[in-house]
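The values are calculated or read from the model by the stated rules, or taken from the named source; none is laboratory data. Quantities reported herein were computed from a predicted structural model and do not represent experimental measurements. Backbone-built Cβ (ideal geometry, glycine too); neighbour counts: all protein chains shown. For the accessible areas, the whole protein counts, side chains as well, though only heavy atoms, and no ligand, DNA or RNA atoms are used. Shrake-Rupley method; radii C 1.70, N 1.55, O 1.52, S 1.80 Å.
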Amino acid sequence: MGVFLIVTIQVDMHDQLAMKLQDDLTSAIAKSESRGVLIDISSLEIVDSFIGRMLANIAAMSRVLDAHTVLVGMQPAVAITLVELGMSLPGVRTALNVESGMALLHSLSDHPKESEEDASSDT
Amino acid sequence: MPPRTLETLTLASVSDIVIARQRARHWAIEMKFSLVEQTKIVTAASELARNTVEHGGGGTMVISTDGNRIRQALKLTFEDKGLGIADVEQAMRDGFTTSGGMGLGLGGSKRLMNQFEIDSRLGQGTRVTVTRWK
(Lines give C-alpha, C1' and ligand atoms only; values in the text may rest on other atoms or scores of the structure.)
Protein backbone atom coordinates (compact mmCIF):
# COMPACT_ATOMS: atom_id res chain seq x y z
CA MET A 1 0.00 0.00 0.00
CA GLY A 2 2.85 2.33 0.72
CA VAL A 3 1.21 4.24 3.51
CA PHE A 4 3.57 6.00 5.88
CA LEU A 5 2.67 7.12 9.36
CA ILE A 6 4.16 10.28 10.78
CA VAL A 7 4.32 10.87 14.52
CA THR A 8 5.50 14.09 16.11
CA ILE A 9 6.17 13.99 19.82
CA GLN A 10 5.54 17.49 21.14
CA VAL A 11 5.22 17.07 24.89
CA ASP A 12 7.31 15.88 27.78
CA MET A 13 5.76 12.42 28.04
CA HIS A 14 5.24 10.65 31.32
CA ASP A 15 5.85 6.93 31.27
CA GLN A 16 2.26 5.81 30.80
CA LEU A 17 1.78 8.18 27.90
CA ALA A 18 4.90 6.75 26.27
CA MET A 19 3.52 3.23 26.68
CA LYS A 20 0.21 4.34 25.19
CA LEU A 21 1.97 5.82 22.19
CA GLN A 22 3.82 2.56 21.68
CA ASP A 23 0.59 0.55 21.77
CA ASP A 24 -1.44 2.99 19.67
CA LEU A 25 1.25 3.24 17.04
CA THR A 26 1.67 -0.52 16.78
CA SER A 27 -2.10 -0.90 16.30
CA ALA A 28 -2.12 1.89 13.74
CA ILE A 29 0.64 0.22 11.72
CA ALA A 30 -1.35 -3.01 11.49
CA LYS A 31 -4.65 -1.26 10.80
CA SER A 32 -3.38 1.00 8.05
CA GLU A 33 -1.01 -1.63 6.63
CA SER A 34 1.76 0.92 6.81
CA ARG A 35 5.12 0.24 5.29
CA GLY A 36 6.88 2.82 7.36
CA VAL A 37 6.73 5.02 10.43
CA LEU A 38 8.51 8.31 10.82
CA ILE A 39 8.90 9.59 14.36
CA ASP A 40 9.89 13.22 14.73
CA ILE A 41 11.51 13.84 18.12
CA SER A 42 12.90 17.30 17.36
CA SER A 43 10.86 18.82 20.22
CA LEU A 44 12.06 16.26 22.75
CA GLU A 45 14.50 17.82 25.21
CA ILE A 46 15.58 14.55 26.72
CA VAL A 47 15.41 10.87 25.90
CA ASP A 48 15.93 8.78 29.00
CA SER A 49 16.16 4.99 29.15
CA PHE A 50 12.39 4.65 29.33
CA ILE A 51 11.67 6.71 26.21
CA GLY A 52 14.67 5.10 24.53
CA ARG A 53 13.27 1.66 25.23
CA MET A 54 9.89 2.73 23.88
CA LEU A 55 11.48 3.96 20.66
CA ALA A 56 13.45 0.73 20.29
CA ASN A 57 10.26 -1.27 20.96
CA ILE A 58 8.33 0.62 18.30
CA ALA A 59 11.09 -0.08 15.80
CA ALA A 60 11.14 -3.78 16.70
CA MET A 61 7.35 -4.15 16.63
CA SER A 62 7.00 -2.33 13.34
CA ARG A 63 9.66 -4.61 11.85
CA VAL A 64 7.63 -7.66 12.85
CA LEU A 65 4.64 -6.03 11.14
CA ASP A 66 6.69 -5.53 7.97
CA ALA A 67 7.18 -1.80 8.40
CA HIS A 68 10.28 0.32 8.89
CA THR A 69 10.76 2.97 11.56
CA VAL A 70 12.91 6.03 11.09
CA LEU A 71 13.64 8.41 13.95
CA VAL A 72 14.29 11.99 12.90
CA GLY A 73 15.34 15.29 14.41
CA MET A 74 17.17 14.20 17.53
CA GLN A 75 18.81 17.22 19.13
CA PRO A 76 22.63 16.96 19.40
CA ALA A 77 22.57 17.39 23.20
CA VAL A 78 20.07 14.53 23.41
CA ALA A 79 22.25 12.31 21.22
CA ILE A 80 25.34 13.00 23.34
CA THR A 81 23.46 12.27 26.55
CA LEU A 82 21.80 9.14 25.20
CA VAL A 83 25.11 7.56 24.24
CA GLU A 84 26.67 8.46 27.57
CA LEU A 85 23.68 6.99 29.34
CA GLY A 86 24.48 3.74 27.56
CA MET A 87 21.74 3.60 24.94
CA SER A 88 22.88 3.52 21.36
CA LEU A 89 19.43 2.50 20.08
CA PRO A 90 20.58 -0.50 18.06
CA GLY A 91 18.14 -1.43 15.33
CA VAL A 92 16.64 2.05 15.14
CA ARG A 93 17.23 3.89 11.89
CA THR A 94 17.73 7.62 12.13
CA ALA A 95 17.80 10.60 9.81
CA LEU A 96 18.63 14.22 10.40
CA ASN A 97 15.27 15.69 9.46
CA VAL A 98 11.80 14.83 8.19
CA GLU A 99 12.74 15.23 4.56
CA SER A 100 15.69 12.85 4.62
CA GLY A 101 13.70 10.54 6.89
CA MET A 102 10.94 10.29 4.30
CA ALA A 103 13.50 9.65 1.58
CA LEU A 104 14.97 6.86 3.70
CA LEU A 105 11.54 5.31 4.29
CA HIS A 106 10.85 5.38 0.56
CA SER A 107 14.11 3.65 -0.24
CA LEU A 108 13.62 1.08 2.54
CA SER A 109 10.13 0.11 1.51
CA ASP A 110 10.83 0.27 -2.19
CA HIS A 111 9.38 -2.86 -3.63
CA PRO A 112 10.40 -3.61 -7.18
CA LYS A 113 6.80 -3.50 -8.51
CA GLU A 114 5.41 -0.28 -9.90
CA SER A 115 7.05 2.66 -8.20
CA GLU A 116 4.72 4.64 -6.03
CA GLU A 117 3.44 8.11 -6.12
CA ASP A 118 6.69 9.81 -5.32
CA ALA A 119 8.84 11.68 -7.66
CA SER A 120 9.46 14.24 -5.03
CA SER A 121 12.52 15.78 -3.49
CA ASP A 122 15.64 13.75 -2.89
CA THR A 123 18.07 14.93 -0.25
CA MET B 1 28.71 30.06 48.27
CA PRO B 2 27.71 27.73 51.08
CA PRO B 3 25.58 24.65 50.38
CA ARG B 4 22.01 25.73 49.95
CA THR B 5 18.77 23.82 49.43
CA LEU B 6 16.84 25.17 46.49
CA GLU B 7 13.80 22.98 46.40
CA THR B 8 12.33 19.76 47.76
CA LEU B 9 9.93 17.69 45.67
CA THR B 10 7.73 14.74 46.53
CA LEU B 11 8.07 11.78 44.20
CA ALA B 12 4.98 9.62 44.46
CA SER B 13 3.79 8.81 40.94
CA VAL B 14 5.05 8.72 37.36
CA SER B 15 3.78 12.24 36.76
CA ASP B 16 6.16 13.43 39.49
CA ILE B 17 9.02 12.17 37.32
CA VAL B 18 8.02 14.76 34.72
CA ILE B 19 7.96 17.48 37.40
CA ALA B 20 11.37 16.33 38.66
CA ARG B 21 12.74 16.78 35.13
CA GLN B 22 11.21 20.24 34.80
CA ARG B 23 12.55 21.47 38.14
CA ALA B 24 16.02 20.03 37.48
CA ARG B 25 15.97 21.84 34.13
CA HIS B 26 14.84 25.07 35.79
CA TRP B 27 17.73 25.12 38.25
CA ALA B 28 20.29 23.94 35.70
CA ILE B 29 19.30 26.91 33.51
CA GLU B 30 19.32 29.21 36.53
CA MET B 31 22.91 28.14 37.26
CA LYS B 32 23.83 28.69 33.60
CA PHE B 33 24.84 25.16 32.74
CA SER B 34 25.35 24.59 29.01
CA LEU B 35 22.62 22.88 27.01
CA VAL B 36 24.51 19.57 26.94
CA GLU B 37 25.08 19.75 30.70
CA GLN B 38 21.43 20.63 31.30
CA THR B 39 20.40 17.64 29.20
CA LYS B 40 22.67 15.31 31.18
CA ILE B 41 21.41 16.64 34.52
CA VAL B 42 17.77 16.35 33.49
CA THR B 43 18.26 12.85 32.10
CA ALA B 44 19.98 11.69 35.30
CA ALA B 45 17.16 13.27 37.32
CA SER B 46 14.62 11.37 35.25
CA GLU B 47 16.36 8.02 35.73
CA LEU B 48 16.83 8.45 39.47
CA ALA B 49 13.34 9.86 40.07
CA ARG B 50 11.93 6.82 38.29
CA ASN B 51 13.97 4.53 40.57
CA THR B 52 12.59 6.33 43.62
CA VAL B 53 9.01 5.97 42.38
CA GLU B 54 9.22 2.46 40.93
CA HIS B 55 11.60 0.72 43.31
CA GLY B 56 11.57 2.86 46.43
CA GLY B 57 7.80 3.17 46.66
CA GLY B 58 8.11 6.94 46.39
CA GLY B 59 10.23 9.47 48.22
CA THR B 60 11.77 12.89 47.76
CA MET B 61 14.15 14.74 45.51
CA VAL B 62 16.14 17.60 47.00
CA ILE B 63 17.77 20.10 44.65
CA SER B 64 20.66 22.02 46.17
CA THR B 65 23.79 23.94 45.33
CA ASP B 66 27.27 23.46 46.62
CA GLY B 67 30.71 24.87 45.96
CA ASN B 68 32.57 28.12 46.38
CA ARG B 69 32.99 31.46 44.63
CA ILE B 70 34.97 29.88 41.85
CA ARG B 71 33.17 26.64 41.22
CA GLN B 72 29.55 25.83 41.76
CA ALA B 73 27.72 22.55 41.71
CA LEU B 74 24.15 21.42 41.33
CA LYS B 75 23.31 18.55 43.58
CA LEU B 76 20.31 16.21 43.42
CA THR B 77 19.47 13.92 46.32
CA PHE B 78 16.90 11.14 45.97
CA GLU B 79 15.68 9.45 49.08
CA ASP B 80 13.15 6.71 49.68
CA LYS B 81 12.12 4.49 52.54
CA GLY B 82 11.69 1.42 50.38
CA LEU B 83 13.14 -2.05 50.62
CA GLY B 84 16.70 -1.02 49.87
CA ILE B 85 19.05 -2.64 47.39
CA ALA B 86 20.46 -6.03 48.34
CA ASP B 87 23.53 -5.85 46.12
CA VAL B 88 24.48 -2.29 45.19
CA GLU B 89 27.41 -3.36 43.03
CA GLN B 90 25.14 -5.56 40.97
CA ALA B 91 22.49 -2.83 40.73
CA MET B 92 25.08 -0.41 39.38
CA ARG B 93 25.97 -2.72 36.53
CA ASP B 94 24.53 -1.88 33.11
CA GLY B 95 21.77 -4.23 32.10
CA PHE B 96 20.88 -5.36 35.60
CA THR B 97 17.15 -4.90 36.06
CA THR B 98 14.41 -6.17 38.33
CA SER B 99 11.66 -4.31 36.52
CA GLY B 100 12.11 -5.32 32.89
CA GLY B 101 13.67 -1.96 32.06
CA MET B 102 17.01 -1.37 30.44
CA GLY B 103 18.97 -1.49 33.68
CA LEU B 104 20.73 1.77 32.86
CA GLY B 105 19.32 4.00 35.60
CA LEU B 106 22.07 3.90 38.22
CA GLY B 107 25.11 3.23 36.06
CA GLY B 108 23.90 5.68 33.41
CA SER B 109 23.28 8.52 35.86
CA LYS B 110 26.70 7.97 37.33
CA ARG B 111 28.23 8.51 33.90
CA LEU B 112 26.12 11.61 33.26
CA MET B 113 27.14 13.36 36.48
CA ASN B 114 30.52 14.19 38.08
CA GLN B 115 29.90 12.65 41.48
CA PHE B 116 27.68 9.79 42.51
CA GLU B 117 27.01 8.47 45.98
CA ILE B 118 24.65 5.71 46.98
CA ASP B 119 23.69 4.60 50.44
CA SER B 120 21.21 1.77 50.64
CA ARG B 121 20.10 -0.20 53.67
CA LEU B 122 17.97 -3.30 53.41
CA GLY B 123 14.53 -2.69 54.80
CA GLN B 124 15.24 0.98 55.43
CA GLY B 125 15.64 2.69 52.10
CA THR B 126 18.01 4.20 49.60
CA ARG B 127 19.64 7.57 49.16
CA VAL B 128 21.36 8.54 45.92
CA THR B 129 23.21 11.85 45.59
CA VAL B 130 24.52 13.09 42.25
CA THR B 131 26.49 16.27 41.64
CA ARG B 132 27.38 18.15 38.50
CA TRP B 133 30.12 20.80 38.71
CA LYS B 134 30.31 23.84 36.51
Per residue, how much accessible area does the protein assembly as shown have with a 1.4 Å probe, in Å²? 50
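In what sequence, highest mean first, do A:44-54, B:37-47, A:59-69 appear when ranked by Cβ atoms within 10 angstrom? Show your work: numbers first, answer last.
On the way: A:44-54: 22.3, B:37-47: 26.6, A:59-69: 18.1.
Output ranking for A:44-54, B:37-47, A:59-69: B:37-47, A:44-54, A:59-69.
In chain B, which whole DSSP H runs stretch at least 20 Å along their own axis (Cα) and average -0.5 or higher on the Kyte-Doolittle scale? List each step's numbers first, then the result.
Details: long enough: B:14-30 (25 Å, -0.09); B:35-54 (28 Å, 0.06).
The answer, listed by residue number, is B:14-30, B:35-54.
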Could you work out the mean count of beta carbons from other protein chains within 10 Å of each residue's beta carbon in B:100-113? 4
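Taking R0 as 51 Å, what FRET efficiency do you get between B:K81 and A:L96 from their Cβ-Cβ distance, rounded to the nearest 0.05? Please report the intermediate quantities before stating the final value.
Working: r = 46 Å, r/R0 = 0.90.
That gives a FRET efficiency of 0.65.
What is the mean number of Cβ atoms from other protein chains located within 10 Å of the Cβ atom of each residue in peptide A:78-90, rounded to a whole number? Kindly include the intermediate steps, with their values, before the conclusion.
Details: counts 4, 2, 5, 12, 3, 1, 8, 14, 10, 4, 0, 0, 0.
Per residue, the average neighbour count from other chains is 5.
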Excluding residues fewer than 8 places away in the same chain, name every one of the lysines whose C-alpha is closer than 24 Å to that of B:K110. B:K32, B:K40, B:K75, B:K81, B:K134
Per-residue mean of other chain beta-carbon atoms within 10 angstrom of the beta-carbon, peptide A:47-56? 5
Determine the distance separating the Cα centre of region A:50-112 from the Cα centre of region B:43-98; give it in Å without decimals. 29
Express the carbon and sulfur contribution to the solvent-accessible surface of the protein assembly as shown as a percent, rounded to the nearest whole number, probe 1.4 angstrom. 53
